[in-house]
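First the structure, in the form of structure tokens, and then the observations on it.
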Amino acid sequence: MAGIAIREVTKRFGAVTALRSVSLSVEPGEFVALVGPSGCGKTTLMRIVAGIERPDGGSIAIAGRDVTGLRPAERDVAMVFQSYALYPHLTVAQNIAVPLVMRRLSALQRLPLVGRWLPGSRAARRSIREDAAKAAESLGLGGLLERRPAQLSGGQRQRVALARAIVRSPKAFLMDEPLSNLDAALRVQTRREIVEIHRRAGAATLYVTHDQAEALTMADRVAVMLAGEILQVDSPGRIYADPQDLRVATFIGSPRINTLPVEVRGDGALLLAGAALGLGTPARGSLTLCLRPEDLRPDPAGPVEALAEHVEFLGDSVLVHGRLAGTAAPLTLRLPPSVAVPQGRFRLRFAAERALLFDGEGRRVPLRLAAHADV
Ligand code: ATP
């Protein structure tokens, strides 16, 4: 029974199809990152799971219960969005307690002054205070309980929003770009905290980001979304090394993967800029060979000639930008600092076992090493 089960969800806004039959499940205890460029439909999908938006078709189940027709409050999900949405007039402790107040106190018990004297109110309020303090403590907010949001830093505000999300132990967490308002250092630190919170809570977490580094470092599985469709859902390692679609290969990885047009000889051997690569395929037509920048090395005996045009020193590595000799195809190599940086024309080899091949429709096709391959 999945924590979150999204089945064939479709959504249109007038002429725009924001989601095309999207299916995705997140198991209890699993952290799934939904990653894709701006406008691909991530937020729309989250809003549908949360119940803020209605799908045109398809269904949503949380912990095995179909919630498609239910209001947000009736779904057992907690949301953390980019804007912290804290109540400015409430203290940190009161902000964190809001979901508990709504659940554990009746409308009468919530009344100011009178509500306190109703039966059961004092005990319920005490348990709420204790649980809110515990959630605050677990996020390092213990000393800030009496402050108001305006007296907190951006990072602290986001932690209050996270504490408010975990305080009532929901079945599912939805997080939409929760780190995008934080500076780079704080973002990296808060990444770890969110994963830690997720582990402790054991709920199903669906986390939206346009930042692939965030998706790859935090998630158990990554779902890559483009133009309203989920193209692949896989472990971070497989999304990077084993993409099944050319669009996934080019979206994931920085610098971008090299995409080189190759020809197929009658016997299936691949030719790159006229040179035989020692690689073969049963596929036909116009094919694209993809090679990660870190899988290329200068080598005087290599099968391919390239032209170095521009070098970037990154400290832990060097990027060499150029093109394949005699073509317009751009090429990037990422070299460890120990490798001599090539200049002008140079020959190169690549890690053939990590090369990827795609057909004219962008689908992955088989690639085999020819006997005595020299690549
Ligand atoms: P971003 O990362 O920029 O937030 P996103 O991947 O979350 O983008 P969505 O906000 O889900 O993308 O939008 C998906 C598509 O649906 C976009 O083309 C957007 O313009 C369109 N869209 C979203 N909400 C509405 C709306 N209320 N009315 C009309 N079009 C909308």
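The values are calculated or read from the model by the stated rules, or taken from the named source; none is laboratory data. Please read these numbers as outputs of a predicted model, since none were measured by experiment. Cβ placement follows ideal geometry from the backbone for every residue including glycine, while neighbour counts extend to all protein chains displayed. Keep in mind that these areas ignore ligands, DNA and RNA; they rest on the heavy atoms of the full protein, side chains included. Shrake-Rupley method; radii C 1.70, N 1.55, O 1.52, S 1.80 Å.
Before moving on, here are some points about what is shown:
- Residue in the range 190-248 that is surrounded by the most Cβ atoms within 10 Å (Cβ to Cβ), counting only those that are within 16 Å of the ligand (Cβ to nearest atom) and among the acidic types (Asp, Glu): Glu214
- Only one of Ala301, Ala328, Ala340, Ala308 that is open to solvent by 10 Å² or more (accessible area, probe 1.4 Å), in a strand (DSSP E or B), hydrophobic (A, V, I, L, M, F, W, C) and farther than 24 Å from Tyr240 by Cα: Ala308
- Answer residue from the range 343-356, given it is hydrophobic (A, V, I, L, M, F, W, C) and outside any strand (DSSP E or B) and is farthest from Arg297 (Cα to Cα) among those: Ala355
- Residues being within 27 Å of the chain's Cα centre (by Cα) and in a loop (DSSP other than H, G, I, E, B) - total across the range 311-325: 4
- Any chance Arg349 is modelled with pLDDT of 95 or more and either among the basic types (Lys, Arg) or exposed (fewer than 12 other Cβ atoms within 10 Å of the Cβ) (or both): no
- When the range 311-325 is filtered for residues that are surrounded by 15 or more Cβ atoms within 10 Å (Cβ to Cβ) and aliphatic (A, V, I, L, M), the ones remaining, listed by number, are Val311, Val318, Leu319, Val320, Leu324, Ala325.
- With respect to the conditions (1) surrounded by fewer than 16 Cβ atoms within 10 Å (Cβ to Cβ); (2) within 18 Å of the chain's Cα centre (by Cα), Leu271 lacks only one, and its number is (2).
- When each of Thr259, Thr288 is tested for being among the β-branched types (Val, Ile, Thr), touching a strand residue (DSSP E or B) at 6+ places or on another chain (Cβ under 6 Å), surrounded by fewer than 18 Cβ atoms within 10 Å (Cβ to Cβ) and touching a residue at least 12 places away in the same chain (Cβ under 8 Å), the lone residue that passes is Thr259.
- Criterion: at pLDDT below 80 and assigned by TED's automatic domain parsing to the domain that holds Ala165 - qualifying residue of Arg129, Arg122, Arg47, Arg75: Arg122
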